[in-house]
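All remarks here apply to the structure that follows.
The values are calculated or read from the model by the stated rules, or taken from the named source; none is laboratory data. This one's a predicted model, so the numbers in the text were calculated from it and none came from an experiment. In this analysis, Cβ positions are derived from the backbone assuming ideal geometry, glycine residues included, and neighbour counts consider all displayed protein chains.
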Amino acid sequence: MTDTLTPVLTDSWDTERAWTLPAYESRGGYGALRKALGMEPGAIVEAVKESGLRGRGGAGFPTGMKWSFIPQDNPKPKYLVVNADESEPGTCKDIPLMMANPHVLVEGVIISSFAIRANKAFIYIRGEVLHVIRRVQAAVAEAYAAGHLGQDIHGSGYDLDVIVHAGAGAYICGEETALLEGLEGRRGQPRLRPPFPAVAGLYASPTVINNVESIASVPSIIEHGHEWFASMGTEKSKGYGIFSLSGHVANPGQFEAPLGITLRELIDLAGGIRDGHQLKFWTPGGSSTPLLTDEHLDVPLDFEGVAGVGSMLGTRALQIFDETTCVVRATLRWTEFYKHESCGKCTPCREGTWWLVQVLSRLEQGVGSESDLDLLLDQCDNIAGRSFCALADGAAAPIQSSIKFFRDEYIAHLTHGGCPFDPAASTLFATSGALA
Amino acid sequence: MTVSTGSTTEAATTDLVNLTIDGIAVSVPKDTLLIRAAEQVGVQIPRFCDHPLLAPVGACRQCLVDIPDAGNGRPFPKPQASCTLPVAEGMVVNTQATSPVADKAQQGIMEFLLINHPLDCPVCDKGGECPLQNQAMSNGRGESRFSATGGVKRTFPKPISISAQVLLDRERCVLCARCTRFSEEIAGDPFIALLERGALQQVGIYEKEPFESYFSGNTIQICPVGALTSAEYRFRSRPFDLVSSPSVAEHDACGSAIRVDHRRGKVMRRLSGNDPEVNEEWITDKDRFAFHYADAADRLTYPQVRDDDGSLRPASWPEAFAVAARGLAEAGASAVLTGGRVTAEDAFAYSKFARVALGTNDIDFRARPLSAEETSFLASEVVLRQGATYSDLESAATVVLAGLEPEDEAGAIFLRLRKATRASRTRVISIAPFESRGLQKLGGQLIATKPGREALALQDLLGHGDYGIDSSSVILVGERLATAPGALSAAVEVARKSGAKLAWVPRRAGDRGAVEAGCLPNLLPGGRPVADAAARVDAATTWGVSGLPETAGRDADQIVAAVNAGQVGGLVVGGVDPDDTADPAAFRAALDRASFVVALELRESDVTRVADVVFPVAPVSDKAGTFVTWEGRPRPFEAVLSVPSSLPDLRILAGIAEELGTSLGFRTVAEARAQMEEMGPWDGERAAPEPVQAHDVSDPGVTLATWKQMLDNGRMQDGDDNLRATARVAVARVSANVYDALGPSITVTGERGSVTVPAAIAEIADDVVWLPANSSGRGLLAEVGLPGSTVTLKGADE
């Protein structure tokens, strides 16, 4: 469509039976693995470091640096854990990737494990997506059959086993230490750090935890070189990434582009906002990142650019809302999600989300007073940065940012005696200008 | 609360970190958590989940502080939980006392904690001593914004049972996880955990397995809100009406510090005291909940003498003293059985009474199977010695348990060993018939030993490089080892050859004190051997008498035999239950055969029912005294309640002695203590050891192994039904082969009778069966036979 896209991970999605090993290998798949097995593990870590690849799960921590934290003199086994618990509202990149191209993940797992000298790797997949679990399991089985996994891989002397683990359905298990707890068979609640997983992670052994997309990016770095990868993107946010657009755009979906692309470009690629409507607000990286408005259409979508306008790049889950959407209602829905998903370990998140929902519901119904907005902001202030993990920061973000940009709309609920919007108008099946 | 850094206290003091808290410079040992460093400058940071003896968790977030300099010149951007953050050199910390940020953060957390809390302090047992209540006052806001904005609280049905004893009001819970962490980290008992998530998270149990813990009461004590209560104490009193007195637990030889809370002369509850050297902050459920025995309906409250018609009638104290003295004088040779519950002062009185007033060495504190080997062992190896201490257990590389099941028989030892094994400092090896749950919780190694082969197993320790017994090891021998011939001698030999520490662990609180006080046929007080003329002279001089009986006396079994043989006529019996003795039938026969029996008892018993004179004695709550721990550590305590009519054994013995024409020289505990101090320990030669050669005395048939479970049919648990309901049920532990052959219910028959109990599979030899000693009927000694004796098994349905 246009050369702003750089399809790498998504390039093969439209080929016939793209998820099978023959389809993957016919496009050069597992070539990077053979190349990597001929390299020194340290050289792979170095290449990933040089490429500037930063964690694609949202936090943006340099992947190569994370790998280099693994103490190689530790006598315990080392583990690679892939975080495939994609649960952030709006985020839909890892699941379609694993669905359409599971082998790029498997190949990335093998190369990454080899680099950190792990002989066991785990792929922790969100439990609800059974079809994806089956597809990744099948891909792993194919890889074993082809000799890409198991003992003495391709005569290199390197052994690796990959275990595909299904989560039990908790948002918190996307938090890396809660994921480790879940993987060990315990309740998914975050662990106290330090010790960090690089020192004492899974089974108290050195562990690297990376997002699916981060690991899946590794084969391309090995195959094409870190210079190739670093040539894309911006100064501090290098490479490509999958941007998932959802909501009120004509053609929602995954768009793989260099970091630093703008929403304006992406909306163009997605065929524009749905007919007859205008952008009202959007999330740059899922509901946990403070929402932005049409003022921010030209903000470069890289880690620094989005941070510069007070939000976070996150998972590049761009949820697009047009002017038919009530921001109070949207925020309430998100807050209900966080209340439901709070693990309960720490007080501010557990009790705070319980209370936030109640205050927001009343506001949405037009009950309360303007001082309730200050109460909400004060609650958010008491929650964000006070909790055990980042879940509660995410819970506060949509409330704080929506009040920042749409305070008048909150007050309109109070003066109107309820929501001034027609809830049906924001639905995708609504006819233009429906109802009163 | 205890700040415990294990055995590294000496090293830690040399390794100090300097930081500034609220503008005050302070130096604390490396790795100290901020929350405790702040205590050093007098700032109490509010907290719920934090507990010094539990691993940090950082869950409640109440202890947030502001850190403008983390020690590296950079601030923490957000307030930090001071309960999880160790100090760093040059760190600058501002607590709620000086930082508006920290204060607001704490106020915010407190507000959240209270939104779903019922605020039912007026009807809550914790009200008045509640950390949530107190800290809500000190660090919270006066008005609730939650209820002002029409907030709806989460509610739960009240209360649910965690066990028969422990009840949970989920609404009050602040989910600090102290209880679940205690159970996991300290006691090692599973099946209490957090369930669900978000605001619906709650403490719960696994429905298919009972929460069986001997230490569950500690969770109630460390609960920072009123969520956990005991069925025992719930709604019984308010803390501000209670008077608290420190005391020492009387249920085992651990000497655990306790706090007794009483109101208008009645004990309402007992809590753990805090003694880092002994029980830290934990006690067993028996120490906590078993105290109603002293209020039982059959409690004796006045002296009685046997009337001409054979019935007991009330008597005045002077009359009872006179009748007792006359009866003993007329009975000829008399003997004294004190029981193991006596304080050291009372034991001293019994010891002196026997020697001075009755002129005999026929005295024994042991009301259980015993041996001459043990008598010699106590005199040569135990008395006056501090073989090992709790901290030795913690620092030892290896601890050997022989004839001792700490979880059942010495709870504080069990917890200390668990602490040591969890810290990977100590390895536990147990010479026992099977791997008990307690040993599993210690991660211990079993040396499977058939009863009777303990001596050989002990000797084998030296030969096995794997066991690594050396001078950094501790060998704990239980009192049960007396029934395994040669075992105590073997333990002495192993300790001597390896340099390992050796300690004797009895079951009862008064046992060790009675050894020290000379309630043995071969020992006078202070470790003076009866056989040593100089020691006798020394004791006689202090007592102001011309001489003491010279020949060693009879032990408890020999006394019983001598009474039945007509050689001894008079018996003075303290707290002895005939069914605890080696031969209950013989003991009962002796009571009948004796021409005169004086009983000193708390409650009506099989002894008082046949005694000629019955004296009521004071329970521990009513008298001062001293228990001596298994370590040899004196644990003095004062009377909790002031009950003038409640007399200690020593006052009664003094009264009888005076009627017999001699004076014990004391009538009060203070006077007895003074005389004990005057007498002091013996500094001469110890009694010579009389080792018994180790040999296999096990029987070729099926052998009975047994010990008493902590919670069983013991009389001192009477009246505490909720506690008793948490006892483990009586099961026969047999091998899988035996179970398969005989089925789910087994009849065990010994020379004295048989019992039928459910069977459970254990990793135990096919020719050994284990039964709890006193969890069914009158107990195994009365109904089956001696430990180590031969029994037959058959399926109950056959």
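From the set of residues in the stretch A:57-100 that are of a type in the set (V, I, T) and either outside the structural domain of A:T177 (by TED's automatic domain parsing) or closer than 21 Å to A:F255 by Cβ (or both), which is surrounded by the fewest Cβ atoms within 10 Å (Cβ to Cβ)? Talk me through it step by step, then tell me what you get.
Filtering the stretch A:57-100 down to residues of a type in the set (V, I, T) leaves A:63, A:70, A:81-82, A:91, A:95.
Narrowing the set further to residues that are either outside the structural domain of A:T177 (by TED's automatic domain parsing) or closer than 21 Å to A:F255 by Cβ (or both) leaves A:91, A:95.
Values: A:T91: 26, A:I95: 20.
Checking each candidate, the answer is A:I95.
Quick one: what pairs do we get from the stretch B:267-284, first residue free of Cβ contacts under 8 Å to residues at least 40 places away in the same chain, second part of a strand (DSSP E or B) and not charged (D, E, K, R), C-beta under 7 Å, 6+ apart or different chains?
B:M268/B:H262; B:R270/B:I258; B:R270/B:V260; B:G273/B:P246; B:G273/B:A257; B:G273/B:I258; B:D275/B:A257
Could you pull out the residue among B:F377, B:F353 that is under 22 Å from B:T449 (Cβ atoms) and among the aromatic types (F, W, Y)? Before you say what the answer is, go through the steps one by one.
On the way: B:F353 fails: under 22 Å from B:T449 (Cβ atoms).
Every option except B:F377 fails the conditions.
Would you please list the contacts, defined by Cβ atoms under 6 Å and residues six or more apart or on different chains, that run from a residue in the stretch B:86-112 that is more than 10 Å from chain A (Cβ to nearest Cβ) and within 24 Å of A:I383 (Cβ to Cβ) to a residue that is crowded, with 24+ Cβ neighbours inside 10 Å and of a type in the set (S, T, Y)?
B:A102/B:T95
Could we say that B:E184 is in contact with a strand residue (DSSP E or B) (Cβ under 9 Å, 6 or more places away or on another chain), at positive phi and within 14 Å of chain A (Cβ to nearest Cβ) here? Spell out how you get there, then give the answer.
Working: in contact with a strand residue (DSSP E or B) (Cβ under 9 Å, 6 or more places away or on another chain): yes; at positive phi: no; within 14 Å of chain A (Cβ to nearest Cβ): yes.
Judged against the criteria, B:E184 is not a match.
Under 7 Å between Cβ atoms, at least 6 apart or on separate chains: pull out the pairs that start in the stretch B:327-338 with a residue that is closer than 20 Å to B:D649 by Cβ and end on any residue that is small (G, A, S) and part of a helix (DSSP H, G or I).
Pairs that qualify, where the first residue is closer than 20 Å to B:D649 by Cβ and the partner is small (G, A, S) and part of a helix (DSSP H, G or I), are B:V336/B:A354; B:L337/B:A556; B:T338/B:A347; B:T338/B:A514.
Condition (residue is crowded, with 22+ Cβ neighbours inside 10 Å and either free of Cβ contacts under 8 Å to residues at least 12 places away in the same chain or small (G, A, S) (or both)) applied to the stretch B:767-774: is it met by at least one residue?
Yes, that holds for at least one residue.
Only residues that are out of contact with any helix residue (DSSP H, G or I) (no Cβ under 8 Å at 6 or more places or on another chain), polar (S, T, N, Q) and more than 30 Å from A:S287 (Cβ to Cβ): list them for the stretch A:1-60, please.
A:S26
How about the stretch B:232-271: which of its residues are under 19 Å from the mean Cα position of the chain (by Cα) and either of a type in the set (S, T, N, Q) or assigned by TED's automatic domain parsing to the domain that holds B:S621 (or both)?
Result: B:S245, B:S247, B:S256.
What do you reckon, is B:P246 modelled with pLDDT of 95 or more and part of a strand (DSSP E or B)?
Values: modelled with pLDDT of 95 or more: yes; part of a strand (DSSP E or B): yes.
Taking the combined requirement at face value, the residue satisfies it.
Of the residues A:G157, A:G127, A:G150, only one is touching a residue at least 24 places away in the same chain (Cβ under 8 Å), of a type in the set (G, A, S) and either within 20 Å of A:K35 (Cβ to Cβ) or surrounded by fewer than 19 Cβ atoms within 10 Å (Cβ to Cβ) (or both); which? Before you say what the answer is, go through the steps one by one.
Details: A:G157 fails: touching a residue at least 24 places away in the same chain (Cβ under 8 Å); A:G150 fails: touching a residue at least 24 places away in the same chain (Cβ under 8 Å).
A:G127 is the lone residue from the list that is touching a residue at least 24 places away in the same chain (Cβ under 8 Å), of a type in the set (G, A, S) and either within 20 Å of A:K35 (Cβ to Cβ) or surrounded by fewer than 19 Cβ atoms within 10 Å (Cβ to Cβ) (or both).
Quick one: which of B:S147, B:S138 is part of a helix (DSSP H, G or I), in contact (Cβ under 8 Å) with a residue 12 or more places away in the chain, more than 10 Å from chain A (Cβ to nearest Cβ) and surrounded by fewer than 16 Cβ atoms within 10 Å (Cβ to Cβ)? It would help to see each step written out before you state the result.
Details: B:S147 fails: in contact (Cβ under 8 Å) with a residue 12 or more places away in the chain.
Going through B:S147, B:S138 in turn, the sole match is B:S138.
Filter the stretch B:136-169 down to the residues that are acidic (D, E) and either closer than 30 Å to B:F215 by Cα or modelled with pLDDT of 95 or more (or both) and list them by number. I'd like the intermediate steps shown before the answer.
Within the stretch B:136-169, the first condition is being acidic (D, E), and the residues that meet it are B:143, B:169.
Once the filter is applied, which keeps residues that are acidic (D, E) and either closer than 30 Å to B:F215 by Cα or modelled with pLDDT of 95 or more (or both), the stretch B:136-169 yields only B:D169.
Of the conditions (1) more than 11 Å from chain B (Cβ to nearest Cβ); (2) in contact (Cβ under 8 Å) with a residue 40 or more places away in the chain; (3) assigned to a helix (DSSP H, G or I); (4) under 23 Å from A:Y171 (Cβ atoms), A:D393 satisfies every one except a single condition; which number is it?
For A:D393, the failing item is (1).
When the stretch B:396-437 is examined, which residues are found to be farther than 21 Å from B:S472 by Cβ and surrounded by fewer than 24 Cβ atoms within 10 Å (Cβ to Cβ)?
B:E405, B:F434, B:E435, B:S436, B:R437, listed by residue number.
Within the stretch B:461-477, is there a residue that is within 26 Å of B:L337 (Cβ to Cβ) and at pLDDT 95 or above? Write out each step before concluding.
Here is the first cut: in the stretch B:461-477, the residues within 26 Å of B:L337 (Cβ to Cβ) are B:477.
Subset that is at pLDDT 95 or above: B:477.
Scanning the stretch B:461-477 turns up at least one residue that is within 26 Å of B:L337 (Cβ to Cβ) and at pLDDT 95 or above.
Checking B:G719 against (1) under 26 Å from B:E479 (Cα atoms); (2) of a type outside the set (A, V, I, L, M); (3) assigned to a loop (DSSP other than H, G, I, E, B), which test does it fail?
(1)
Is the stretch A:197-207 home to any residue that is under 30 Å from A:R274 (Cα atoms) and away from chain B (no Cβ under 14 Å)? Walk me through how you get there before you give the answer.
First, pick out the residues of the stretch A:197-207 that are under 30 Å from A:R274 (Cα atoms): none.
The answer is no, given that none of the residues of the stretch A:197-207 is under 30 Å from A:R274 (Cα atoms) and away from chain B (no Cβ under 14 Å).
Out of all the residues in the stretch B:60-96, which are part of a strand (DSSP E or B) and β-branched (V, I, T)?
Within the stretch B:60-96, B:V65, B:I67, B:V92, B:V93 qualify.
So, in the stretch B:385-435, how many residues would count as being among the acidic types (D, E) and in contact with an Asp or Glu (Cβ under 8 Å, 6 or more places away or on another chain)? Before you say what the answer is, go through the steps one by one.
First pass over the stretch B:385-435, keeping only residues among the acidic types (D, E): B:392, B:394, B:405, B:407-409, B:435.
With the extra rule that they be in contact with an Asp or Glu (Cβ under 8 Å, 6 or more places away or on another chain), the set shrinks to B:409, B:435.
Counting residues in the stretch B:385-435 that are among the acidic types (D, E) and in contact with an Asp or Glu (Cβ under 8 Å, 6 or more places away or on another chain) gives 2.
For the subset of the stretch B:194-220 comprising residues that are within 14 Å of another protein chain (Cβ to nearest Cβ) and in contact with a Phe, Trp or Tyr (Cβ under 8 Å, 6 or more places away or on another chain), which member is nearest to B:F414 (Cα to Cα)? Break it down stepwise before answering.
Kept after step one, since they are within 14 Å of another protein chain (Cβ to nearest Cβ), are these residues of the stretch B:194-220: B:194-204, B:206.
Imposing the further condition that a residue be in contact with a Phe, Trp or Tyr (Cβ under 8 Å, 6 or more places away or on another chain) reduces the set to B:198-199, B:202, B:206.
Numbers: B:G198: 36, B:A199: 36, B:Q202: 29, B:Y206: 24 Å.
Applying the filter and picking the extreme gives B:Y206.
Would you call A:D378 outside the structural domain of A:R264 (by TED's automatic domain parsing), more than 16 Å from A:I172 (Cα to Cα) and without any contact (Cβ under 8 Å) to a residue 12 or more places away in the chain? Before you say what the answer is, go through the steps one by one.
Values: outside the structural domain of A:R264 (by TED's automatic domain parsing): yes; more than 16 Å from A:I172 (Cα to Cα): yes; without any contact (Cβ under 8 Å) to a residue 12 or more places away in the chain: yes.
Answer is yes for this residue.
For the stretch B:30-42, which positions are surrounded by fewer than 20 Cβ atoms within 10 Å (Cβ to Cβ) and in contact (Cβ under 8 Å) with a residue 24 or more places away in the chain? Break it down into steps so the answer makes sense when it comes.
Within the stretch B:30-42, the subset surrounded by fewer than 20 Cβ atoms within 10 Å (Cβ to Cβ) is B:30-31, B:36, B:39-42.
Hits for the stretch B:30-42 are B:K30, B:D31, B:R36.
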